[in-house]
Each structure stands twice: as structure tokens, then as C-alpha cells.
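Contents: one structure, followed by commentary.
The values are calculated or read from the model by the stated rules, or taken from the named source; none is laboratory data. Worth saying up front: this structure is predicted, and the values here are computed from it rather than measured. Here the Cβ positions follow ideal geometry from the backbone for every residue, glycine too, while neighbour counts run over all protein chains shown. Areas reflect the complete protein model, heavy atoms only, side chains present, ligands, DNA and RNA absent. Shrake-Rupley method; radii C 1.70, N 1.55, O 1.52, S 1.80 Å.
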Amino acid sequence: MSTLLAVDGLDVTFDRHRVLADLSLHVQAGEILGIIGETGSGKTTLARAVVGLSPVRAGRITFEGTDLTALRGKARRAWRRAGQVQYVFQDPLRALDPQHTVARIVAEGLVVAGTLDRAAIDARVRAALAQVGLDQSLAARLPGQISGGQRQRVLLARAVALQPRLLLCDEPVSALDASNRNHVLRLLADLRDRSGVTVVVISHDLSSLAGIADRVAVLYGGRLVEQGPIGRVLSEPRHPYTALLTASAPSVRREHPIPARALRPAPDHRPVAAFGPDACSYASRCPFATQACVTAPSTAGSEWSVACHHADAWRSRLAVGAMSTRRTA
Amino acid sequence: MTTLLSRPAPVAVAKPDPAPPKRRSRRWIGTLATPVVVFVFSSLLTFGLGALSPSNPAAAVLGETATPADIARMNHEFGLDRPLPVQYVDWLFSALRGDLGRSYFTTIPVADSIFAALPVDLALAGLAILLAVLIGGAAGIGAALRQGGRLDRTVTAVASALGTLPPFVLGIGLIIIFSVLLKALPAGGYVPLENGLGQWLRFAILPALALSLDIAASIARQLRTSLVGQLGENYVTGAVVRGLGTRRVLFGHALRNAIGPALTVLGIGVPMILGGAVVTEKIFNLPGLAQLALQASGQHDVPLIQGTLLVTVTVVLICNTLVNIAVLRLTPQGKR
Amino acid sequence: MSAVLRVDNLHVSVGGGSGTSSAGAAAAREAVRDVSFTIGRGESVGLVGESGSGKTLTCRAVLGVLPPGVAVTGGGIHLGGGSSGADVELTGLDRRGWDAVRGNRLAAVFQDPASYLNPSLTVGRQLAEQLRLKRRLPRNQTRAAAVELLAAMGLRRATAVYDQYPHELSGGMLQRALIAIAVAGEPELLVADEATTALDAAVQAEVLDLLRQLREERGLALLLVSHDLAVVAEVCDRVAVFYAGEIVEQGPTADVIANPRHPYTEALLRVASLGDWRRRDLEVIPGRPPEPGAMPVGCRFAARCAHATDTCATPVALSTVDDRQVRCHRAATLELVGA
Amino acid sequence: MSTLTAVRLPSARLALSVLAVVTFLAVAGGTVAPHDPLLQDPDLALRGPSLIHPFGTDYLGRDVFSRLLAGTGTTVVAALESVGVGLALGVLPGLASLWLGRTVEWVLLRAVDAVMTLPFIVFAIAVTGILGNGLSQAMVAIGVLFAPLFFRVTRAAGLSLTRAHYVEAAELFGASRWRILRTHVWGKVVPTVAVTAAQATGGALLAVSSLTFLGIGVQPPAPTWGGVLASELGFLSQQPWAPVIPAALIMVAVAALNALADAIRPGGAA
């Protein structure tokens, strides 16, 4: 597999607030990569940086050798019109013009690109709607006249219509119920399987993400804390934050191997040191942090990497009594 | 690690360090500093208007027989031969010291004429604002509480009708009703406040009412809209579910947030009241600032016109700042 | 076990009376039909179902805050007598009666906590108001009591939080503050309507832990409404599964999950979060629930059900077997797969 | 489109008919008048309505009906003039404040604040006092004061758009500024500005009548609605009913504009 998108040493700063710090992440052609992390961890900023919507202060984003951060003016417009990378916005209601019909919305990118005639565009729009499982009768509706799940799929159809090579989906399922969530995620898996599109999905539902993704990247406080094959990372997390996330995921039947409370700081938790902006981003919240954590840990490993000074040691410091299951019923 | 063995309460680990009072203080600075900047802009506008004047004041005052030398001498006397920026700075700083120049015609200091007339306007505007708040506030709250009911429809209809009425018709209507038909109040004239509140009120109430109704209608409409909006907010549902009781939910919670936009309307209404005062003063024959402006306008008396404009603007700015401070105190979270 | 809340054959209808343009006065639609459940003292019951299934309207009916144009059209909601008061029938309570019940015996938290606090008052002031009103604390004691309560909800720096405005706090902190306000009047029942839905996973787990802790420490009964079966499974003793305005299955959570008796419950379990990190085919429930105006006479799930037969077109009642209630003609014969 | 469907409302239809009549009179007013609006006849002064003079005569014996017809043009043109000035000075700076960077934004906002402190009538008096007493001067002054209204409305509509993700999405497709303006921005800003313009026209009608009442802007013999009203008000004791006709005319026109504004307001009539 070859690298399709390479993010190296990315720094993004808003109003002197560092949202992404020295972030490096490679996306392989044809894979589905999941990105997880809490609100404010920088997931959305990362995706927006790739398409040029975040102010990049340092670092490079290259797509098959093209440095996207260097694109300006005419060159950037030409690159965008080629439609190789598509960003799917999080909130369908805000990302769809309320005065435009579904057909017009899906066609917009093709119309702007200007390479196809009307008939060809119409055919592409019909194909895109079919691809995301939307009935053709919806084409004449306005966004306000269709359901939330359908709006989400219209967003997807708009991106798919351009036949992109990389699809960045920002929380495409957060507003949907379980069945619709699975439906949309399945569409992404189908897209990859049938058209070979590389997909990056930001999601907070670990279980369903694990169902379709190959790899996962975990963000905390603007830094990449762990990344690797999703099944292994989630079942044997090497970073305490990843462990907390998996332990916190609600489930209908699982007995958690480590209870979430064992991974949270105690109520009277005091950070062991003053953790500045160059410290490990998780240190002030980490129950296993030590003096060593005042410097940001380097990322170790290639296929499965983790950024933690105590990646191999923190499990041994879990108290034995805390290892019991937490369901008390 | 014994702490892991005990059963800790779940802990909220949230934003690093809370309490950003910085933003709040920044809003205060903005509220207090903006009027100063705006005053400078307004004074530029006022001064610029005078500079745009096509007629040469000296020529106008001296009449047809004046020689160019006479005009030049007079221009020099008034300082009109200096570069405009110098004139502006000089004019502004004199104005700040209370020196607004002299009338071209009467040579009476402009400040003296204005400060003789200003108390009439201030008293009248004050009363009008009070009436507007009382009438508009009561009507707006009543309409919002009886949304869709008879009171609501009446308030909406009256408020819309008032908005279509030329302001002077209202004043004359009041004179016809209260002075001509009921013979209860004087049709015009003025006694200063020093002669006693009752006496003053007899003369001031009708013009103040005429001035206030338009603003009262705007306040009622705005208050109704924003209160209805607030009553639909989740926090109101939350307060209801907490069992706080209707009165507390309305006055303690919803009204507090609804009042901001209504106060803003009042802030915008202050210039309307001062502008409307011109018409009202003419109808009720009051010796106010507007009469002075009207007279100055007729005579093209530039310093007097500039003076009235600047003083009016200053009064408006002070009122607006007071309104902004009130809004800031009521809704410390800022614009949502 | 005495019941804290008993909902009997509740019917809730939308429209009729002050309806909108399209729907005439006669076209009142039933959004909740024949819903019954009880909550015992200190018990936690979950209502689960997709959006529009009637779970939220049921809980709003319990709280007496149905949206305009929506009304209870049948059945009763009974607040059980206990230490703190007499039996109360909530439907048909007047304003004064509600004010005495809400906050004192019945409290609620919702989704989007930021919107449920007055944005222009500090968190502490809103909590203090509740303590003064509902626990009759004198003014000079409310601050200390409020800070203590905030700390008990697991809020760090409770003293600082007291003086902060809602927009200065994170979602998780706000939900804790709202829970503090809710329990300030020491109610018997807390209604949590999608209270953790919008929170980050780690924060959601913390808040669910807090709810569990409040049950243990204060004997608080819990009515938890969620679209996420996994969340209900984490917290609730019993679960009621809603579909298209009806309860289709009700019983002890562990039982229902291990041995679902209604095909819809089985379908929900198939799409729910399993705590499984393996690559797999994600399942969906095909079709869509019936439109509120066009409910079938028979089983409402039949059109989407893999097990449906001709009998399913006839009306189906809720049948009780052991401590399980199921609304399915074929409940006795079907072999369904649990999780 | 919501703007078109709104016109089917009965209130909007009525408002449009009223405005159509006013427009017709504004264009044709003088020629359809039965009498010379300036013709004085002292013998006929202050007469009540009759077949020949349907609205009676004024204190100089002039036909009130003809004067109102002939005055329509002046009044309407004056009102539109001020709204035009307000639109020109408000809409473009409103958009500019969003696109041209923080310094421009700051200066424009403060300038708007400054203009907003000026009372309409006082400013109009000052302008006519300094620049000469003409209706154009007065209406330009009123128009300048309308500018902040249009500025704020345009800016608010635009502000919500700069935050709309569909505008960002269009940018990501490589759409040009102009295309985005045409396909996404125009359709949202225009209705809002139209509503404001309708309301401002009503406000301008009232301002013109106030100014004429004060004798500002219009030289005496020329007829306007406000002028007719003002002159009738001087003879209340003889003809108490007379001011009702011009006042009603003004009110109906303003009400029609407000009703129209309500009907085309985005989100429907309240």
C-alpha cells in the first residue's frame, strides 16, 4: 500500500491558541482510517486543515506529492475543482443551502468544475444519489423537506458525485440513531470496496467504527497519542487515554476489562508537576503522569505507534482491586 | 495506588482553568470607550457639514456691500482662513471647554443660547422616556403573556397604527382631546421645573406623551417578541420543571433576558425622541433646543447649527451609554 | 417495593384544537398509545426507542411540559405516596399543584445542558435559588450548601464553579451542575431525557457513574430516556422498548438483552454498540417506522419484521409472561437472538 | 420561492393594490387632477366637500383633492430618493465590513454608530440650514440616516452566511467569489434588504411630511401630502375634519408598505 495523504509536523493556531501541535499522520491508499478524540481534541481542525480551511502555521500536508499547504490562488482553485479530496461537513443542516434542491446541491461541485455538460452532470447526480441509497424522487426536495438521515446522505452524495480519491467525513453519524448510523458507515465501507476511495472518518462511536475501519488515530489536546490497527488498538490500548475511551464506551453486554474509574484521575488528583504547553497533552489529566511527562513524548513504533512515556508501564500500576468489572447489578 | 482502590466520585475534568473574567472586563472597556470614539466621528461629521457650507458666512453677515478686504478681515477674525484640520481641532477643543463659538448674527455665545434651551428638552425627554418605558413595558409584557389573546391583538394593532401616523398628528390629536374638548390641560406653553412639579407636569405631560407613544409602541413590540422567544427557550422549561412558579420564572428568569433588546430599542429611540421634539416643540410652542435649531437653520447660522447638533449628539451618546451599561449588567454573558 | 411513579394506559395526542394549517381540528394523531409502566423506590427504568417513538413525549407528559398542541388524552400518571408526600395524580394537576411537586418530588435533566440554564445568571445563583425555594434554606446558608452540593456532584473547584456563568463551563460540568439543581430539592424521582447523548464518551461514562452513585447514596429512582440501548443497559434495572408510540417489550434489562422476545428488540440489539472491536458487517433495520397519520391496525412493526405472518395484521395486545411484557402475536413461538 | 408565495397572502395583495394606485398617481397625478392645484380662489376658501371639490378647498380656495393628487409625485420621489441614498450608503459598506478586514470593519462600525446618534429631523434641519433649503438636501440627509439601518441588516444577513458551511463547501469546490455571491448569498440578502427598504420608504414618507409641516424642504406653493396636512391643521376650528383626509392618505400608504414588508419578511408573516 502506498501513502495517499501525508501530514507531517502540522501546527495549527487560532488566536494564539495551539489547536494542533506537531501532528504527523499518514493515510494509506484504499484504507479506512478512523479518527477519535473528545470535543476540542483537534479532529475537525485536522480534517479542515487538509482541505485548506484551517490556518496552518507549520508543517506539510502532501497528497501524492502535491504540497497542499503551498497551494494559493489559481492553483488552489484548480486543485479544488479537480475534486480529488472531498470534505463532508458535520452538520448537514448548516452545510446544505436551504434554498437549493437536493439535485442542485449534489450537482454543485460538478457545475463549478465545468468539465461536464448538463446531461452528464444529471447522470452523475442520479448515480451519486443511487450510490448513497437515496430515492431519485428526493432530487426535487429542499433540505428542510427530508429527514436527518437523508440529509446526511445528501452531503455524502455531493462529495461522491465528484468521484474523489480521498473522502474526509466529519462526524457523519453523530446525529443519527443506531440503524441509520450503521447504514451510513456501511455506505462508506461499500464506497471503499467498490470504488477504491480512501476514507477518513471522524467518529465517537468506537464500536461501529471498529466494524468498518482498518486503522484508528487517537487525538488528545491537539496531539496524536496513539495510532494503529483499530482492532488491536481498541482491545489492547497502549495509551491511557485510549484505554479510558474504550472503557467509557457504553455497551449492551461487555464487561469492561478495566473499569473507566481506574483510568480517571482521583477526585483529589493534583498534577505531579506544572505541565506547560510542551508537556504531554494528556499529562494534567493522566493518573499515571510523572515528572517525565513535562516533555512531550516522542511517537514510537510505525505500524502501531503510541506517544506515552509510560506506554509499557502504566498497566502494572493499575491496582488489582480496580480490575473487577464495574457493572454492579 | 490506594486511591484507585477506594471508590471515588466521578470527576469532571474540564477546561484547564476556568474563570476568564478578562472578557467581561474587555466588554466594559468597549462599552465605555466606544462612545468617545463615536463622539469624535460625530464631531467630524458636524464640523464637516459646516465646512461644506456653500455660502461664505462673512459675506452673508456683512451683506452685499462688503468689500473683499472686509470679508477677509472677518474670515480672519472667525479663524476661517486657517487649514481645515487646524480649525477642526481648535473647534473641538473649544467645544470640550464649553465654548461653541458665537452666532454669526446675534454674536451671542452659542453655548449660552443652547444651555438656556436645553433644560426644557432634557426634562421633556426624561418624562417621555419614563412614559415610554411604563406604557411600552406593560403593554409588551401583557401581550406576551396573553399571546394570541385579545390584549395581544389590541397591543399589536395599536402599535402598528402608531407606526403609520405622522408624529405631529399625534400631538395635535392630544391637544384636540385634552385641551379643546376636555379643557383639562393647556394647549401649549411651558413653565420650568423650578416652578413646581405639578405646574410643570400640566404643561409637559401632553408633549411628553406625544413624544413617547411612538417609542412605547416599538418597546411593546420588541418586548413582546423577545419575551415570547425567551418563554420558548429550554431554560424556561427547565425552570418550570424545577417548580419555580410562574411569577419567578417570568420575572426572575425570562424577563431578565428579554429586556435587553427592548432596552436597545429604547437606546435607538432616544434620537427619535430628540428629533420628534422639534415637531412637538413647534406644536406646543415650547422654548426648546429644536426651536433654536429651526431658527438657526432659517438664518444659515452655521455655529449655532453645529452647536445644537453637537449637543444633541452628546445627549444621545450619554443616553446610549447608560442603556448599554444597563444591558451589560443584565446579561453578563454577552451576545449569544 | 412501593411505586414512585405509575403510568397507566397513557395516551398522548398531537394536533387537534390549536392545530397547524394542514391538519384539521379532527385530525388529532396519537403519538403515544396505551403506555403503562411503574418505577419502584430507588429503581431505574429506561425508555428506549428511535426518535419519534414516543419515549420523549411520555417523559414530558410525566413532567407536565408537553409542547403546545400536544396533550394527554387518556390514562393516568400517578406519583406514589411516600415519605415526602401524599399520592398525587399528575394529569389534571393545576399550576400550584405542579409547583409543589416539581423540584420537590420530581426533577429532570435533559440533553444540551447549556440551554437549560439561564445564560445570564451564575450557576451558583440558580442552584441557590433552588435550595432556598425547595429546601427552605435561609439565605446565609445557601452558598455553603450549594458549593457542597456541587462538590458532591464531582465538580472540582466547586467554589469557582459557583460564581461562573453557564457559557464558561464544559458540557459535562454543566450537566453535573444541572443534576445538582435537580437533586437540590431531594426528589424521589429523577427523569433524565437523553441527558448524556451530546457528551463525549468519557464524560458520558462519568455522568452515568454519577447517576448510579446518586441512586445508591440517595435512593433516587431514575427514569432514563435514551435512543441508545447501550446507555440504558449500563444504568437501568428495567427497560421499556418503544416503537411507533407503543411499548413493544418491557422487562428486566439483563433478561431483555439476553433473551429478547420482540423482533424489534432483537433488531435494536443487532445495531447497538456491542463493545466489540472486531471488523464485522454492520447491521441495519430495513424500512422506516409508519407515519404517525397512517398507523396500521395490526402490529406496527410488522412491515419491517422478518418474522411477520398474516396474523400480524390483526391488533396485538401486550401480553405478560413472568416479569416480561411483549406486544407480539408470535412471542411464544419465536426463537430470538440476544446479545 | 418564499418571496413569490408571500405575495399570494390577502394582506400582501391589498398592500400591493394600494401601492399600485399610489405609483399611478405619482406618475400621472398632476394630469388627472380635476383642477389646477395652484389656482387660488378666495371666494371658495375653506369650503366643505362638494361634487366639484370632493375633499373641499383650503384656506386659499385651492382644490384639496387636486393638491393631494399633484403632491403625490413629489412626496413619493422624495421618499424614494432618501431610501435610494440609504441603500447606496448602507448595503455595500455592510458587505464590505464583512470582507475587507478588521480595520475597515472597525471604522465602518464606528461611523455607523456615529450616524445613528443623529436625530432625523434635527439633522435634516441642520443640513438644510447649512447646504440650502431644498427637498433634495433634506432627503439626502434623511437617506444618510437610513444608511445604518441598511448597513446593519445587510451585515447581519451576511454575517450568518460567512458562518454557513454551505458557503465554505462551495469554496471547497473551487467556486469563485462571484459565483458564491450569486448562488448562495444573493438569495438570502435581497429579501432582507427588500423588507427593510419597504419599511424605510414608509418611514421616509412620515419624515417628508414632518419636514414639510415644519416648512423645510418644500417651497410653499408646491403641493405635497405633508404640506396639505400642515395647512389644514392651521384651520382646525373652522374645519376639524379636514386634516383627516391627508393624514389617512399617509397612514394608508405607510401601512401598505409595512404590510408588504411583513409579507415578504424571510420566515413568513409574524
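Some points to look at:
- Shielding value for B:269-276 is 5, the average number of Cβ atoms from other chains within 10 Å of each residue's Cβ.
- Averaged over peptide B:302-315, the number of partner chain Cβ atoms lying within 10 Å of each residue's Cβ comes to 3.
- Exposure ranking of A:GLU303, A:GLU226 by accessible area [1.4 Å probe, largest first]: A:GLU303, A:GLU226
- Only helices enter the 222 nm calculation for chain D: every DSSP H run of n ≥ 4 contributes -39,500 (n - 2.57), and dividing by all residues gives -23500 deg cm²/dmol, rounded to 500.
- Within 10 Å of each Cβ in C:164-171, the average number of Cβ atoms from other chains: 5
- Trypsin sites (Lys or Arg not before Pro), loop per DSSP, at most 11 other Cβ atoms within 10 Å - longest free stretch of chain D: D:9-162
- Of C:MET295, C:MET173, C:MET153, the one that fluctuates the most in a GNM where chain C has Cα springs shorter than 10 Å: C:MET295
- Chain C: C-alpha pair distances exceeding 26 Å, %: 51 percent
- Of all accessible heavy-atom area on chain A, the percent that carbon and sulfur account for (1.4 Å): 50 percent
- Here the simple spin-label model places points 7 Å from the Cα toward Cβ, and for B:ALA51 and C:ARG96 these points are separated by 7.1 nm.
- 13 Å Cα-Cα reach of B:LYS282 towards aspartates and glutamates, excluding residues that sit fewer than 8 places from it in its own chain: B:ASP121
- Dimensions of region A:189-329 based on its C-alpha atoms, expressed as ranges along the principal axes with the largest first, amount to 51, 43, 21 Å.
- Antiparallel beta bridges, as assigned by DSSP with both residues in chain C, represent about 60 percent of the total such bridges.
- If R0 is taken as 22 Å, the Cβ-Cβ distance between B:ALA161 and D:ARG13 corresponds to a FRET efficiency of 0.60.
- Extending 7 Å from the Cα toward the beta-carbon at both D:ILE52 and A:HIS26 defines two label points whose distance is 10.3 nm.
- One quarter of the convex hull surface built on the alpha carbon atoms of the protein assembly as shown amounts to 58.1 nm², the projected area averaged over directions.
- Eligible aspartates and glutamates near D:LYS188 by straight Cα distance, threshold 12 Å, same-chain separation 8 or greater: A:ASP97
- DSSP beta bridge pairing in region A:124-269, given as percent antiparallel to the nearest 5: 55 percent
- Heavy-atom accessible area for A:CYS293, with the other protein chains in place and a 1.4 Å probe, reaches approximately 10 Å².
- For region B:159-316: rounded, prolate or oblate by the Cα gyration tensor [a/c cutoff 1.5]: prolate
- When Rg and Dmax are taken over the Cα atoms of region C:153-262, they come to 15.6, 51 Å.
- Across all directions, the average projected area of the convex hull around the alpha carbons of region C:254-304 is 4.7 nm².
- Gyration tensor (alpha-carbon) shape descriptor, region C:123-205, a/c threshold 1.5: oblate
- The radius of gyration of the Cα set in chain D, together with its Dmax, comes out at 21.8, 78 angstrom.
- Of C:LEU229, C:LEU133, C:LEU282, the residue with the greatest mean-square motion in the GNM of chain C, using alpha carbon springs below 10 Å, is C:LEU282.
- One equal scatterer on each Cα of chain B, no solvent, Debye formula: the resulting log10 I(q)/I(0) at q = 0.09, 0.14, 0.16 Å⁻¹ is -0.66, -1.19, -1.34.
- Gaussian network model of chain B, springs between alpha carbon atoms under 10 Å - residue of B:ALA187, B:ALA210, B:ALA72 with greatest fluctuation: B:ALA72
- For A:GLN84 and C:LEU334, a Förster radius of 56 Å and the Cβ-Cβ distance give a FRET efficiency of 0.65, rounded to the nearest 0.05.
- Both chains summed, the buried accessible area for B and C stands near 3400 Å², from protein heavy atoms and a 1.4 Å probe.
- For chain A, dividing the convex hull volume of the Cα atoms by the residue count gives 152 Å³ per residue.
- Estimated FRET transfer efficiency (A:ARG60, D:TRP106; beta-carbon r; R0 30 Å; 0.05): 0.30
- Size of region C:276-335 from its Cα atoms: along the principal axes, largest to smallest, the extents are 40, 34, 20 Å.
- Across region A:152-192, the volume of the C-alpha convex hull divided among the residues equals 60 Å³ per residue.
- If both residues of a DSSP beta bridge must be in region A:3-219, then about 50% of such bridges are antiparallel.
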